[in-house]
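First the structure, in the form of structure tokens, and then the observations on it.
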Amino acid sequence: MAQYREWKGTPYQLGGNSKRGIDCSAFVQQTLSTRFGINVPRSTAAQVDVGTQVRQGEMQLGDLVFFRTGYNSRHVGIYMGNGQFLHASTRDGVVVGDLNQAYWRKAFWTVRRVM
């Protein structure tokens, strides 16, 4: 939650990598690097190949959750437990999302464990 408090209110910006604006994959990259010392690639397409795939029912804190949000469009966030994930939303910037919401249930793709 410290990462959420630090980044809350940061707007979404495709290609962004700072508190002036950040996209989902850069937010994941920044969070894993600064909070856990884990380096992952910059893009969602590359991040989905990192770590080990796990089943949705076996998710743990810090797992990366991936979504197919449109034709050739992907999204990534960090699982926080209790069905919640931290991500940079295209609409709302850095927020906590709920995997139980219909939109995210439908868009769910895969989970990767990098820690």
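Nothing in this text is a laboratory measurement; each read-out follows from the coordinates by a stated rule. Quick caveat: nothing in here was measured; it's all calculated off a predicted structure. Every residue, glycine as well, gets a Cβ built from its backbone with ideal geometry; the counts of neighbours run over all protein chains shown.
Do the sum for the chain: with -39,500 (n - 2.57) for every DSSP H run of n ≥ 4, divided by all residues, what is the mean residue ellipticity at 222 nm, to the nearest 500 deg cm²/dmol?
After summing the helix terms and dividing by the residues of the chain, the value is -6500 deg cm²/dmol.
Roughly how many nanometres apart are two label points built 7 Å out from the Cα toward the Cβ at Ile38 and Tyr103?
For Ile38 paired with Tyr103, the spin-label model returns 2.6 nm.
Which of the following values of Cα Rg over 2.2 N^0.38 Å was calculated from the structure shown: (1) 1.10; (2) 0.95; (3) 3.06?
(2)
Between Met115 and Arg68, what FRET efficiency comes out of the Förster formula 1/(1 + (r/R0)^6) with R0 = 22 Å and r the beta carbon distance, rounded to 0.05?
According to the calculation, E is roughly 0.40.
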